[in-house]
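The values are calculated or read from the model by the stated rules, or taken from the named source; none is laboratory data. What you see is a predicted model; the values in this text were computed from it and never measured. As a convention, Cβ positions derive from the backbone with ideal geometry for all residues, glycine included, and neighbour counts pool all protein chains shown. What goes into the accessible areas is simple: the full protein's heavy atoms, side chains included, and nothing from ligands, DNA or RNA. Shrake-Rupley method; radii C 1.70, N 1.55, O 1.52, S 1.80 Å.
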Amino acid sequence: MIVLGIETSCDETSASLVDDTLIKSNIIATQHIHEQYGGVVPEFASRAHIQKIVPIVQLAVKNAGISYQEIDSIAVTHGPGLAGSLLVGMCFAKSLALRLNIPFIGVNHIEGHLLAVHANEQDIQYPAIGLVASGGHTILVHIKSPLEYKIIGQTIDDAAGEAFDKVAKIIGLGYPGGPAVENSANQGDPNAIYFPRALLEKNNFNFSFSGLKTSVLYYIESEKRKNNTLSIPNICASFQNAVIDVLLKKSIQALEQFNCSTLILAGGVVRNNTLRKTFKEHCENSKVNFYVPDPELCTDNAAMIARAGYYHLKNGELSDFELDAVPNLALAGY
Ligand code: KG4
Ligand code: ZN
């Protein structure tokens, strides 16, 4: 079954063709216009999607080496995300599905992230704990099977990626902050400065990263007042260490509490190499099955949406053409 996936929930316009489990193409156009504003400007994002959606889909179809008539279904992100951005992808997906006379499937963006690991791993042992750490979300999920989820914890303020972006902005490293902070952190000492880890008490699976970001700001201001020389690499490495520490400790607690021996990572933040290495080492030492998508499948992409669409299609779960974009769409619980 060939599924065309379309993803336009934030600032990536992406289209992908997936044939059952095989990714035949995955085109991702990142919008660079937001860099000068230090964050995503919703109206510019929708306008850029409008400009890019047709050429990106055309390129995905061409690179997959198939014809439009061979596509069995179209899967598109219908939430959560920016309303105007979601509407572009939804409107395009519905129109093309109507033209080709094939079903269309609205996919939850978070579900897409959680299924991204299936691109290179077919035999994942469930039940599992899933950690989605992105610019918009930080969520711990208990996963019974690929379409059965229950959120067990989430951030009560900033998402982990948002914290990376805000710290980068404070330091003046540009947007998006994650890769810039990671690059600088590679030259620094992760134990140079102790930044706080919030909500670490047992069986609390929620996260809070707003205080951590503020601590970085206060640390910088206080060092400047004392006329001390700042080490940006040490600040980045210590901040990154605090984020990874919290994400890992909470994931370990969730694995224990829910008696799971499989951990799945997802979302833009898990592109971070130190994070990947730290989690991998822990899981190897404690005999936990550990799965993390290839880096390009961690950040927003349409292959993960097509993959989720494929599961829904196999279950006969198609969407009505009246389906709306839902900016605050929740992950359906089992
Ligand atoms: O999953 P994603 O592409 O979009 C959302 O659904 O939000 O994640 C984007 C987020 C941004 O906050 C970005 O700074 C962060 O992922 N990110 C990283 C790294 N690469 C991207 N954070 C830490 N380290 C990285 N290497
Ligand atoms: Zn995302």
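Here are the numbers for the structure shown:
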{"quantity": "Linear extension gain, residue 126 paired with residue 101, 0.36 nm per residue minus alpha-carbon span", "calculated": "5.5 nm"}
{"quantity": "Distance histogram in 20 Å bins (all Cα pairs of the chain, percent per bin)", "calculated": "32, 56, 12, 0"}
{"quantity": "Cα-Cα over 23 Å, subset of 150/249; 250/314; 150/314; 94/150", "calculated": "250/314; 94/150"}
{"quantity": "For a label point 7 Å along the Cα-to-beta-carbon line of residue 83, residues of the stretch 24-57 with backbone N under 17 Å", "calculated": "41-47"}
{"quantity": "Accessible-area composition of the chain, carbon plus sulfur, in percent [1.4 Å probe]", "calculated": "50"}
{"quantity": "Alpha-carbon centroid distance for the pair the stretch 40-72 / the stretch 260-303, whole angstrom", "calculated": "28"}
{"quantity": "Accessible area expressed per residue, the stretch 82-233, with surrounding protein chains retained (probe 1.4 Å, Å²)", "calculated": "44"}
{"quantity": "For the stretch 51-166, diffusion coefficient by Stokes-Einstein and Kirkwood Rh (Cα), 10 °C, 1.306 mPa s, µm²/s", "calculated": "97"}
{"quantity": "Computed lengthening from residue 256 to residue 282, 0.36 nm per intervening residue step minus Cα-Cα distance", "calculated": "8.0 nm"}
{"quantity": "Residues residue 154 and residue 191, FRET efficiency given R0 of 22 Å [Cβ-Cβ distance, rounded to 0.05]", "calculated": "0.20"}
{"quantity": "Computed log₁₀ I(q)/I(0) - Debye formula, equal Cα scatterers, no solvent, the stretch 1-104, q 0.11, 0.20 Å⁻¹", "calculated": "-0.31, -0.94"}
{"quantity": "Part-to-part distance (alpha-carbon centres) for the stretch 159-181 and the stretch 86-113, which is given in Å", "calculated": "31"}
{"quantity": "In nm, spacing of pseudo-spin labels at residue 227 and residue 68 (7 Å Cα→C-beta vector)", "calculated": "7.0"}
{"quantity": "DSSP bridge pairs, the stretch 68-209: antiparallel proportion in percent, nearest 5", "calculated": "65"}
{"quantity": "With 10 Å bins from 0: P(r) over the stretch 253-334, alpha-carbon pairs, percent", "calculated": "14, 35, 34, 15, 3"}
{"quantity": "On Cα atoms only, tilt of 273-285 relative to the major axis of the chain in degrees", "calculated": "90"}
{"quantity": "Fraction of beta bridges assigned by DSSP in the chain that are antiparallel (%, nearest 5)", "calculated": "60"}
